[in-house]
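Notes follow once the structure below has been shown.
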Amino acid sequence: MSGTDSRNIAGDLVDPDHRLPGERDSETSPLLEDAQHWMQVYQELLAFKRTLLSTAEIHKEGAPPAVVEEVGGDQAVLRLELGRLERRHLFWEQRVQELRPG
């Protein structure tokens, strides 16, 4: 992977408008199942990112200052990603409610 590819990927991860592959087409789908699928995808991604943040915090304990600083930077990026994922999860939760009968 080239440096440009890495920067593009990193940019996408924190871009508030970034969508996962196939997600944009489902945003206007009238099918409840589509919204439930994406809500579940985001639940899993949120759990994963929260685990990474927790693990990063553990690794900082008693680590040399350079490690603490580097891991702190990673955590800052993870928090940005987490915010984007939370917003997308909320979107899909609301979409499920809109499509749910009765």
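Taken together, the values in this text are just the output of simple stated rules run on the coordinates, not laboratory data. Owing to the predicted nature of the structure, the values given are computational and were not obtained by experimental measurement. Methodologically, a virtual Cβ is constructed for each residue, glycine included, from the backbone with ideal geometry; neighbour enumeration extends over all protein chains shown.
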Scaled to the compact-protein estimate 2.2 N^0.38 Å, what is the alpha-carbon radius of gyration of the stretch 19-65, rounded to two decimal places?
-> 1.75
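Ignoring everything except DSSP H segments at least 4 long, calculate the 222 nm mean residue ellipticity for the chain; use -39,500 (n - 2.57) per segment, divide by total residues, nearest 500.
Numbers: 4 runs with 80 residues, N = 102.
Result for the chain, helices only: -27000 deg cm²/dmol.
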In the stretch 1-93, GluC sites (Glu not before Pro) in a DSSP loop with at most 12 other beta-carbon atoms within 10 Å | GLU61
So what J values fall out for the stretch 69-78 if you push phi through Karplus, 6.51 cos²θ - 1.76 cosθ + 1.60 with θ = phi - 60°, rounded to Hz, Gly and Pro as x?
-> 5, 5, 5, x, x, 4, 5, 4, 5, 4
In square nanometres, what is the average projected area of the Cα convex hull of the stretch 1-46?
-> 3.9 nm²
Gyration tensor over alpha-carbon atoms, the chain, equivalent ellipsoid semi-axes in Å = 32, 17, 9
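For the chain, calculate the relative contact order in percent as a whole number, restricting contacts to Cα pairs under 8 Å that are 6 or more residues apart.
On the way: 54 pairs, mean separation 41.1, N = 102.
This gives 40 percent for the chain.
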